[in-house]
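J.: Quick one: structure below, then a few questions.
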Amino acid sequence: MPDDKSGRDKQALDEENRQRMRAMLEELERNDETEPPVEERELENLDAELDTVEFPATGLELVEAVGYHEIESEGETHDLADLLPRSEREEYDSPEAVRDRVRRPTIAAAMRRIVEAADDLQGVDFGSSQREGYERTFRELKAIDAVDDDEGIPVMADWIVERIREKEKLPGSRDVRREAAKYCRKNGYEVSNDEWLGV
């Protein structure tokens, strides 16, 4: 990256985004778990694989380097390539950031699809606040829909990806929440106005 004003501004913005991501991930750790996290043993095995990667690394670099690595959660096995986007715009600054991303595989798989769809859009930045809004919506769906095999999460991921392709822009967090609330109500789940999905 050139050492000029725009290069320095981009570096500062990237660092700010990384700090927001770390803060968000720490907050998620403090919140009630809506999906049993991947076992520590699985994450330790992942750490051994990630030692071969130079950070910061893009999602594409990680998938190419360790995408074959399998992670087991709730009796299911996921390849890392199913949980991390093949994206040059998505960057991870440390192995801990990768661990945190894959800790909730259902949500990670949904976000992978969305990030890859957003990558096809020219000049559209998938900001951290929008990502946080999507992820929080998925966590709420996970909490509501846990007994139904988390059907709501892939349904919403499909809806978001379809909107990206049709409208060639990312749907707003409020639109995603509104659509998730419709899905919940249609499937017999109560959503009150004072909840995250109650927009």
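The values are calculated or read from the model by the stated rules, or taken from the named source; none is laboratory data. Nothing here was measured: the structure is a model prediction, and the numbers come from that model. Cβ sites come from the backbone with ideal geometry, for glycine too, and all protein chains shown count toward neighbours.
J.: Take the residues in region 146-199 that are over 27 Å from GLY75 (Cβ atoms) and among the acidic types (Asp, Glu); name whichever of them is surrounded by the most Cβ atoms within 10 Å (Cβ to Cβ).
T.: The selected residue is GLU179.
J.: State yes or no: is ARG113 within 26 Å of SER73 (Cα to Cα) and crowded, with 16+ Cβ neighbours inside 10 Å?
T.: Numbers: within 26 Å of SER73 (Cα to Cα): yes; crowded, with 16+ Cβ neighbours inside 10 Å: yes.
In short, yes.
J.: Being at pLDDT 60 or above and either surrounded by 14 or more Cβ atoms within 10 Å (Cβ to Cβ) or in contact with a Phe, Trp or Tyr (Cβ under 8 Å, 6 or more places away or on another chain) (or both) is the filter here; which residues of region 23-40 pass it?
T.: Result: PRO37, VAL38.
J.: Within region 117-132, restricting attention to residues that are over 11 Å from the mean Cα position of the chain (by Cα) and part of a helix (DSSP H, G or I), which residue is surrounded by the most Cβ atoms within 10 Å (Cβ to Cβ)?
T.: If we take residues in region 117-132 being over 11 Å from the mean Cα position of the chain (by Cα) and part of a helix (DSSP H, G or I), then ALA118 is surrounded by the most Cβ atoms within 10 Å (Cβ to Cβ).
Here is a yes/no grid of residues against (1) surrounded by fewer than 19 Cβ atoms within 10 Å (Cβ to Cβ); (2) part of a strand (DSSP E or B); (3) touching a residue at least 12 places away in the same chain (Cβ under 8 Å):
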residue: VAL53; (1), (2), (3): yes, no, yes
residue: GLU64; (1), (2), (3): yes, no, no
residue: TYR68; (1), (2), (3): yes, no, yes
residue: GLU72; (1), (2), (3): yes, yes, yes
residue: THR77; (1), (2), (3): yes, yes, no
residue: ALA81; (1), (2), (3): yes, no, yes
residue: PRO85; (1), (2), (3): no, no, yes
residue: ASP100; (1), (2), (3): no, no, yes
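J.: Also, quick follow-up: Consider LYS182 carefully, then state whether it is touching a residue at least 60 places away in the same chain (Cβ under 8 Å) and either touching a helix residue (DSSP H, G or I) at 6+ places or on another chain (Cβ under 6 Å) or not in a loop (DSSP other than H, G, I, E, B) (or both). Please lay out each step first, then the result.
T.: Working: touching a residue at least 60 places away in the same chain (Cβ under 8 Å): no; either touching a helix residue (DSSP H, G or I) at 6+ places or on another chain (Cβ under 6 Å) or not in a loop (DSSP other than H, G, I, E, B) (or both): yes.
Against the criterion (touching a residue at least 60 places away in the same chain (Cβ under 8 Å) and either touching a helix residue (DSSP H, G or I) at 6+ places or on another chain (Cβ under 6 Å) or not in a loop (DSSP other than H, G, I, E, B) (or both)), LYS182 does not qualify.
Every residue, every condition in (1) within 24 Å of ALA180 (Cβ to Cβ); (2) modelled with pLDDT of 95 or more, yes or no:
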site: GLU42; (1), (2): no, no
site: GLU49; (1), (2): no, no
site: VAL66; (1), (2): no, no
site: GLU72; (1), (2): no, no
site: ASP79; (1), (2): no, no
site: ASP100; (1), (2): yes, no
site: ARG113; (1), (2): yes, yes
site: GLU132; (1), (2): yes, no
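J.: Has region 162-179 got at least one residue that is among the hydrophobic types (A, V, I, L, M, F, W, C), within 19 Å of PRO105 (Cα to Cα) and either modelled with pLDDT under 95 or under 17 Å from the mean Cα position of the chain (by Cα) (or both)?
T.: No, every residue in region 162-179 fails to be among the hydrophobic types (A, V, I, L, M, F, W, C), within 19 Å of PRO105 (Cα to Cα) and either modelled with pLDDT under 95 or under 17 Å from the mean Cα position of the chain (by Cα) (or both).
J.: Pairs needed: first member in region 113-126, free of Cβ contacts under 8 Å to residues at least 60 places away in the same chain; second member anywhere, among the hydroxyl-bearing types (Ser, Thr, Tyr); C-beta distance under 6 Å; at least 6 residues apart or different chains.
T.: From residues that are free of Cβ contacts under 8 Å to residues at least 60 places away in the same chain, the pairs are VAL115/SER87; ASP119/SER87.
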